[in-house]
Amino acid sequence: MKHLKNVIKIIAALLLTLTIVCIVFLVVNAHNTAYLKIKNNPGLNETSYLITNINIVPMSKDTILANKTLWVKNGIIENIADSIVLEGIEIIDGKSKFLSPGLVDMHTHLWDKQELGLYLANGVTTIRNLWGYPMHLRIKKALNAENIIGPQFYTSSPKLTGENDLGDDKVQISTPEKAKQLVISYKKRGFDFIKTYAGIPENIENAILEQSILSNISVVAHPSREIPYLDQFQPQISSIEHAEEIIQQALEYKLDSLKLDTIIQKFALTQKSFCPTLTGYYKIFEMLELGENVLTSDPAYYINPLIQKVDSKVQYDRWANEKENNSSIKSYIYAQHQFHLYIIKRMNEAGVNIICGTDAGIGITAPGYSIHQELGLYKEAGLSNYDVLKTATINPTKTHKELEQIGSIEEGKLANFILTSKNPLEDLSVLSNPEWVMIKGRKIDKILMNEFTENAQDRNNLVVTALRYAEYLFIER
């Protein structure tokens, strides 16, 4: 008995020590992200301005509103006119530069608070996180309470899949009853959308869709391998993700332009939003083309350190091994990428609502930076600058009712802006180097944007990220 008591004491001491160590790491990380707190940034306290001498890229139509004055009141666009005179309000001189709506990345994976600053520094003022767990609900609460600065943040539930689709990143569901319970729970807890994944069988998906209607929550679908592709265009599904899934599922790995016609017609007929995530796939080609340098390139420094170790390196090793054993793999990946561009061109011509998403946060796809590569790929596909910019501004507002107040510069919309020296409708690349960014009326200047990127570079939060992931495993699985 005495021996047992000693063992219990040792275990208790170890647990106490582990708890203290975890608390220390969390406290240190909270200190390291204090730069995002609004109260620590006097320049972020203002939400009302007159912006004068500005050329507006409204995105409600393909035009420029030249030499306007814009009144932002409490973070909302109050008025746009040739001239507005108000007493006692700060004036920002637009210096005849160009004001565009903030960008939207509709497919991200957020790992830490530092990434919030990275998105803003790259002109991304709204993100849709598509792998939710408890940390994301806390971040959403802090952003909505305006305790910290960051893009508007919407998060899906954890990824829901079937019982045979293994992996600790997913929640496996065995019965329709369990599926319905999860939808009810996720809605109550504050997740914005339900995320379904590649291994979900039809009876489980039907239960999720049925309950999502009752719970008034929309579904974002990674197409299921268990259901015919064309059967997944249900009304409650707000968007379908990934261009590569069209080829790998619907076209059965064939670059079949004739069979593609049916899929494009289905998207157009059902008015379903399509989120291509071309960048995530193109990164495979970059790994094959550039070799190990991609792991130490400039954007890679901004990927969460845990992801660098357990995902970036694993993915690189996988494709490096594939290249060693299959000399044609690089040309095949590039050919599929080129077909992705063809899909985008055809979908745009058919009037499909394309929404910009990058799969940022996993592999070697850096948060914030990836959106400019994604937009560049749409341009390469043959879209006009206006149509490219629509995918990251006005088009997402047609996908979820929660996004209706963003995406264009009009009275009543949120003051989410990018100021650029040149017209992005003539040169999209200027969006990657904004003069300043505004989120809900809070202006982020160059100095603050630089601080955001510096604090996110090579950040030391591997242990904290692991702790949050362990929390996800404990609570969600």
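Worth a mention:
- The chain: DSSP helices with Cα axial extent of at least 27 Å and average Kyte-Doolittle hydropathy no lower than 0.0: 2-32
- The helix-only estimate of mean residue ellipticity at 222 nm for the chain, built from DSSP H runs of length n ≥ 4 each weighted as -39500 (n - 2.57), is -12500 deg cm²/dmol after division by the residue total.
- Separation in nanometres of the label points that stand 7 Å from Cα toward Cβ, at residue 257 and residue 326: 2.5 nm
- Label-point gap, in nm, between residue 301 and residue 473 - each point 7 angstrom along Cα→Cβ: 3.2 nm
- Averaging the sequence gap over all C-alpha pairs within less than 8 Å and six or more residues apart, then dividing by the number of residues, gives the stretch 161-296 a relative contact order of 18 percent.
- Value of D in µm² per second that Stokes-Einstein yields for the stretch 254-335, Kirkwood Rh from Cα pairs, at 37 °C (0.692 mPa s): 218 µm²/s
- Estimated dipole of the chain in Debye, rounded to 20 [Cβ of Lys and Arg +1, of Asp and Glu -1, Cα centre]: 1380 debye
- Take every Cα pair under 8 Å whose residues are at least 6 apart in sequence, average their separation, divide by the length of the stretch 366-477, and the relative contact order is 16 percent.
- Binned Cα-Cα distances of the stretch 310-442, short to long, each 10 Å bin given as a whole percent: 11, 32, 34, 17, 6, 1
- Going by neighbour counts of Cβ atoms within 10 Å, the residues 50, 103 line up, fewest first, as 50, 103.
- Each Cα pair under 8 Å and six or more residues apart adds its separation to the average, and for the chain the resulting relative contact order is 21 percent.
- Once the gyration tensor of the Cα atoms in the stretch 428-469 is diagonalised, the equivalent ellipsoid follows with semi-axes of 27, 13, 11 Å, ordered largest first.
- In plain terms, the chain from residue 457 to residue 45 could stretch by 145.7 nm, reckoned as 0.36 nm per residue minus the Cα-Cα distance.
- Average projection area in nm² (convex hull over Cα atoms of the chain, one quarter of hull surface): 25.5 nm²
- Annotation: the residues 469, 369, sorted from fewest to most other C-beta atoms within 10 Å of their own C-beta, follow the order 469, 369.
- As a proxy for reagent exposure, 238, 408, 60, 174 were ordered by neighbouring Cβ count within 10 angstrom, fewest first; the result is 174, 60, 408, 238.
- DSSP bridge pairs, the chain: antiparallel proportion in percent, nearest 5: 40 percent
- Charge dipole (the chain, unit charges on Cβ, about Cα centre) - positive-most of 301, 42, 356: 42
- Placing unit charges on each Cβ (+1 for Lys and Arg, -1 for Asp and Glu) gives the chain a dipole about its Cα centre, and among 94, 416, 204 the Cα reaching farthest toward its positive end belongs to 204.
Any read-out appearing in this document is the output of simple, stated calculations on the displayed coordinates, not a laboratory observation. A quick note: this is a predicted structure, and the numbers were derived from the prediction, not measured. Glycine gets a Cβ as well: all are built from the backbone with ideal geometry, and neighbour counts include every protein chain shown.
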